[in-house]
Amino acid sequence: MQGAFCTCSIAARLSPIGLDPPLYLAEYHGELCQEESMSRIVYVNGEYLLEEEAKVSIFDRGFLMADGVYEVTSVLGGKLLDFAGHAARLQRSLSELEMAAPVDMDELLSIHRELVTRNGITDGMIYLQITRGNPGDRDFTFPDPATTPSTIVLFSQSKPGLAENPAAKQGIKVISIEDIRWGRRDIKTVQLLYPSMGKMMAKKAGADDAWMVEDGHVTEGTSNNAYIVKNGKIITRHLGNEILHGITRAAVLRFAKEAQMVVEERPFTIAEAKQADEAFITSASAFVMPVVQIDDAKLGTGKPGPVATRLREIYLDESRKAAI
Ligand code: PDD
């Protein structure tokens with residue numbers, strides 16, 4: 001960075017909302033600016049910090065017990081998709097686990113927006129995690145929330161061209177694996193070891209993802225909801241404790257019904273899925289993504305089907321229009 005005034009500026013990106021950058025940071029621009037392109041500004045417990053400076057205790061229950069919840073909200077064109085849906089699900093996850101929200105939902109929205117601005121995100125995601133905090137030692141029982149405040153962390157992930165993912169043009173392959181996760185998958189917790197193992201099983205098998213099967217029926221993908229299409233009818237598992245209540249799922253089913261498509265919310269087997277005309281997944285980061293192969297069975301023509309393709313278009317159009 002040349003010249004006496006650093007306008008780039010790490011200092012501005014670190015300043016508290018609405019305040020000028022602190023002078024000591026404005027002056028200290030030489031070394032910081034060199035690192036600026038590498039370093040994200042993240043949010044930790046009320047502060048905007050460089051990612052290298054952000055720290056959480058080793059006694060944090062998120063780290064020791066996976067005692068935390070999270071949300072992933074997409075950003076397209078610098079705007080947040082379905083923020084209200086993610087905020088509502090977050091509140092539900094917190095209340096199911098008797099955890100307090102450390103900030104109110106208006107403040108949460110402004111933190112999301114600040115991270116988009118400070119990190120210059122056009123397309124990407126904002127990741128949010130709230131844990132039951134740091135009680136200062138390891139103990140199975142929950143600490144008293146009056147003395148142990150929850151930990152809140154948010155960071156951005158830049159994914160230029162997120163909506164133009166080439167995988168959507170060719171479709172993805174999934175394998176089926178047993179669903180051995182815990183019984184409250186409707187709560188969006190950070191217990192993601194088995195989903196990570198599932199992704200690795202898929203990778204080793206030369207596939208893109210795994211659909212999980214319990215008692216003979218598909219629950220969902222490792223990080224997405226699962227759908228098949230037969231004779232124009234969209235079939236996806238009904239809501240319950242067995243799956244995450246996807247925010248993208250809710251929007252896509254609403255758009256499908258508005259477009260006079262028939263939706264059936266019920267369990268389906270892998271055998272039925274292999275006989276389907278098409279299949280797809282939904283999530284905040286994949287939007288609507290066609291599935292063209294399940295285990296060794298190619299679906300339909302082996303190319304993304306018309307229903308998934310149309311739903312992806314509608315979802316992206318409508319979500320962009322409603323983004324905030
Ligand atoms: N995953 N099911 C599971 C198990 C998920 O982890 C997700 C989201 C979904 C889709 O939910 P939504 O439409 O609200 O994103 C379904 C996020 C994207 C993740 O873990 O990165």
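The values are calculated or read from the model by the stated rules, or taken from the named source; none is laboratory data. These numbers were taken from a predicted model, which means no experiment stands behind them. For neighbour counting, all protein chains shown are included, and Cβ atoms are generated from backbone atoms with ideal geometry for every residue, glycine included.
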- Query: surrounded by 21 or more Cβ atoms within 10 Å (Cβ to Cβ), within 19 Å of ARG92 (Cβ to Cβ) and modelled with pLDDT of 95 or more: does that describe ILE228?
  - Reply: no
- Of (1) closer than 25 Å to ALA250 by Cα; (2) within 16 Å of the chain's Cα centre (by Cα), ILE121 satisfies all except one. Which? (1)
- Message: Looking at the structure I just gave you, is ARG254 free of Cβ contacts under 8 Å to residues at least 12 places away in the same chain and within 14 Å of the ligand (Cβ to nearest atom)?
- Response: yes
- With respect to ASP215, is the statement that it is more than 11 Å from the ligand (Cβ to nearest atom) and either at positive phi or at pLDDT below 95 (or both) true? yes
- Only one residue in GLY85, GLY78 is in contact (Cβ under 8 Å) with a residue 12 or more places away in the chain and more than 14 Å from the chain's Cα centre (by Cα). Which one? GLY78
- Could you list, in sequence order, all residues of region 228-263 that are in a helix (DSSP H, G or I) and not charged (D, E, K, R)? ILE247, THR248, ALA250, ALA251, VAL252, LEU253, PHE255, ALA256
- Taking the residues in region 172-201 that are within 12 Å of the ligand (Cβ to nearest atom) and hydroxyl-bearing (Ser, Thr, Tyr) as candidates, determine which candidate is nearest to THR301 (Cα to Cα). SER196
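Residues checked against (1) touching a strand residue (DSSP E or B) at 6+ places or on another chain (Cβ under 7 Å); (2) outside the structural domain of MET289 (by TED's automatic domain parsing); (3) closer than 20 Å to GLU71 by Cα:
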| position | (1), (2), (3) |
| --- | --- |
| PHE142 | no, yes, no |
| ALA146 | no, yes, no |
| VAL190 | yes, no, yes |
| MET200 | no, no, no |
- Query: Out of ILE111, ILE121, which single residue is in contact (Cβ under 8 Å) with a residue 40 or more places away in the chain and not in a loop (DSSP other than H, G, I, E, B)?
  - Reply: ILE111
- Query: Say we look at region 264-293 and pick out the residues that are loosely packed, with under 15 Cβ neighbours inside 10 Å and part of a strand (DSSP E or B); which of these is nearest to the ligand (Cβ to nearest atom)?
  - Reply: GLU265
- Item | Unmet criterion (only one of (1) loosely packed, with under 12 Cβ neighbours inside 10 Å; (2) away from the ligand (no atom under 14 Å from the Cβ); (3) under 16 Å from the mean Cα position of the chain (by Cα)) for THR147 | (3)
- Message: Tally up the residues in region 72-115 that are of a type in the set (A, V, I, L, M) and within 23 Å of ALA251 (Cα to Cα), please.
- Response: 13
- Message: So, in region 231-248, how many residues would count as being surrounded by 24 or more Cβ atoms within 10 Å (Cβ to Cβ) and within 15 Å of ALA276 (Cα to Cα)?
- Response: 1
- What do you reckon, is GLY206 over 19 Å from the mean Cα position of the chain (by Cα) and modelled with pLDDT under 95? no
- Item | Subset tally (residues that are crowded, with 18+ Cβ neighbours inside 10 Å and in a loop (DSSP other than H, G, I, E, B)) for region 294-324 | 3
- Item | Per-region count, region 92-104, residues exposed (fewer than 14 other Cβ atoms within 10 Å of the Cβ) and in a helix (DSSP H, G or I) | 1
